[in-house]
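Okay, structure first, notes after.
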Amino acid sequence: MSMDAYLQAATGITQHLAMVPMDFGWTTDPKLPDFDDGDDPIGTAINWGQGVIVVIGIIGVLFAAGKMAIGKFGRSDLAADGVGGLVWTIMGISLMLVAVPVIRAVAGVGGG
């Protein structure tokens, strides 16, 4: 069969399907499904994300503290970089942890 035959067959099938009445039942107010026995995968994903944020924050604080400790031995530029990194780490953790309740409130999901 040539490519033209395939295209003609596809065109015929599409024309026949276009004539079949179909009711899609669109809704303008979609709802999340009810989960069985309190199993909430969206809440689980949000909780996992929050846990990952905390672990990354701890690693960032330890990294900044290590830079400050090394800077104590005569490398003041590294100590200053550690202090700046600590400020950015604390602000980043704060913003990410504030985002979790905002997501829960706006989306109405993952009631922890």
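The values are calculated or read from the model by the stated rules, or taken from the named source; none is laboratory data. These figures come from a predicted structure and were not determined experimentally. When we count neighbours, we look across all protein chains shown, and the Cβ atoms used for this are built from the backbone with ideal geometry, even at glycine. These area figures cover heavy atoms from the full protein model, side chains too; ligands, DNA and RNA do not enter into them. Shrake-Rupley method; radii C 1.70, N 1.55, O 1.52, S 1.80 Å.
Residues of segment 49-108 that are open to solvent by less than 80 Å² (accessible area, probe 1.4 Å) and either touching a Pro at 6+ places or on another chain (Cβ under 9 Å) or outside any helix (DSSP H, G or I) (or both): G74, G108. For G43, indicate whether it is surrounded by 10 or more Cβ atoms within 10 Å (Cβ to Cβ) and out of contact with any Asp or Glu (no Cβ under 7 Å at 6 or more places or on another chain). It is true that G43 is surrounded by 10 or more Cβ atoms within 10 Å (Cβ to Cβ) and out of contact with any Asp or Glu (no Cβ under 7 Å at 6 or more places or on another chain). The single condition among (1) out of contact with any helix residue (DSSP H, G or I) (no Cβ under 8 Å at 6 or more places or on another chain); (2) over 30 Å from G108 (Cα atoms); (3) of a type in the set (D, E) that D81 does not meet is (1).
Residue pairs whose Cβ atoms lie under 9 Å apart, separated by 6 or more positions or on different chains, with the first residue in segment 20-32 and under 21 Å from A107 (Cα atoms) and the second outside any loop (DSSP other than H, G, I, E, B) and open to solvent by less than 100 Å² (accessible area, probe 1.4 Å), are L32/I42; L32/A107.
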